[in-house]
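The values are calculated or read from the model by the stated rules, or taken from the named source; none is laboratory data. Computed from a predicted structure; not experimentally measured. Quick reminder, even Gly has a Cβ in these numbers, built from the backbone with ideal geometry, and neighbours come from all protein chains shown. These accessible areas exclude ligands, DNA and RNA; they are computed on the full protein's heavy atoms, side chains included. Shrake-Rupley method; radii C 1.70, N 1.55, O 1.52, S 1.80 Å.
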Amino acid sequence: QVHLVESGGGLVQPGGSLRLSCAASGWIFRKFNMGWYRQVPGKQRELVAAISTSGIRSYADSVKDRFTISRDNAKNTVYLQMISLKAEDTAVYYCNGKQGSINYWGQGTQVTVAS
């Protein structure tokens, strides 16, 4: 069975930090490009950060220099380190694994940035 399980979300004050984790099982993790998306009510899900099978990273302009995506293929886990968090980063964050037309999604983890 395919699983993607996110963790690490929560409530943090503006300027704070969080690290999200996404553990994968049931498929060959290292062969998939991985990404973190986020969604707020009434808006489309947006890509925040992505990391390819070879480790190439890309980021949305809104999070560049604040968020870092990484992966550990030995642990089948992808991470999103977030610093200098802002209120507008508040969203449900989803982990995604993609290979060609195959897309796997996690259940999401809530990140709330508020004082």
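For region 14-91, build the charge dipole from Cβ charges (+1 Lys, Arg; -1 Asp, Glu) around the Cα centre, then report which of V63, V40, S52 sits farthest towards its positive end. Final value for the positive-end residue is S52.
Shape summary: the chain maps onto an equivalent ellipsoid whose semi-axes, from the alpha-carbon gyration tensor, are 23, 14, 13 Å in decreasing order. Of the peptides 53-64, 34-45, the ranking by mean beta-carbon count within 10 Å, highest at the top, reads 34-45, 53-64. If only the Cβ of Lys and Arg carry +1 and only the Cβ of Asp and Glu carry -1, the dipole of region 38-84 around its Cα centre is close to 100 debye. Full extension of the chain between N73 and K43 yields a length gain of 7.6 nm, computed as 0.36 nm times the residue separation minus the alpha carbon distance. Computed with a 1.4 Å probe over protein heavy atoms only, the accessible surface of the chain comes to 54 Å² per residue. For the chain, the fraction of 1.4 Å probe accessible surface lying on carbon and sulfur atoms is 49 percent.
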